[in-house]
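The structure under discussion appears below in the form of structure tokens.
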Amino acid sequence: MSNTVAIKLTVNGVERQADVEPRMLLVHFLRERLGLTGTHVGCDTSQCGACAVLVDGAAVKSCTLLAAQADGAEVTTIEHLAREGPLDPVQQAFSDVHALQCGFCTPGMVMATHDLLAHSPRPTDAQIRHGLEGNFCRCTGYHNIVRAVRLAAERMAEHQGRETTAAGG
Ligand code: FES
Ligand code: FES
């Protein structure tokens, strides 16, 4: 009897097929099979959020999901955000207001922020703190992370406003 399962999923826009052990975690599949080491492992208790990726658009701790459970899903990791060169708006905002120090938590923070802003394009500080409560940072004290998310939200709203105006909306 085979002790692997065949999975097919899309990771950062590329279709991937693989045979994986049923117990392989998505985070290990991403890091070890695909070499996408921007997704970090910061704990073994599903608490820190360093491993957050988007699965079908929702931020998920990839250490809480089996690779086999992601079969058929669309997964986005931090590597996909700046693939065309410049940082994406969330990454840029984190950089601009010094919302990172060691940077270990940052990929997970950025992916969780994308999920947050998709649902709350103009969040209050309380909503930002609530939205990122599953992501731990040992360095920054969170203050600048909240500022970064607010800044990213403002810039994304401005950008969208310009696009709407240009389209005659
Ligand atoms: S490594 Fe996934 S929550 Fe910490
Ligand atoms: S910047 Fe070091 S853990 Fe957040």
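Kindly identify region 38-169 as rounded, prolate or oblate by the Cα gyration tensor criterion: order the square roots of the eigenvalues as a ≥ b ≥ c, call it rounded if a/c is under 1.5, otherwise compare a/b with b/c, prolate if a/b is larger, else oblate.
Taking the square roots of the gyration eigenvalues as a ≥ b ≥ c, region 38-169 is oblate.
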| query | Where the convex hull is taken over the Cα atoms of region 112-164, what is its projected area averaged over directions, in nm²? | reply | 3.5 nm²
| task | Enter the Cα centre distance for the pair region 93-169 and region 1-78, rounded to the nearest angstrom. | result | 23 Å
| Relative contact order (%) - region 1-154, alpha-carbon pairs under 8 angstrom, separation at least six | 24 percent
| message | Before I look further, what does the chain give for accessible area per residue, probe 1.4 Å, in whole square angstrom? | response | 55 Å²
| Cα centre as origin, Lys/Arg/Asp/Glu Cβ charges: the chain dipole, Debye | 300 debye
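For the chain, what does the helix formula give at 222 nm: sum of -39500 (n - 2.57) over DSSP H segments with n ≥ 4, over the residue count, nearest 500 deg cm²/dmol?
Using -39500 (n - 2.57) per qualifying helix, the result is -10000 deg cm²/dmol.
The values are calculated or read from the model by the stated rules, or taken from the named source; none is laboratory data. Worth saying up front: this structure is predicted, and the values here are computed from it rather than measured. Here Cβ is always computed from backbone atoms with ideal geometry, including for glycine, and neighbour counts include all displayed protein chains. Calculation scope for accessible area: heavy atoms of the full protein, side chains included, ligands and nucleic acids excluded. Shrake-Rupley method; radii C 1.70, N 1.55, O 1.52, S 1.80 Å.
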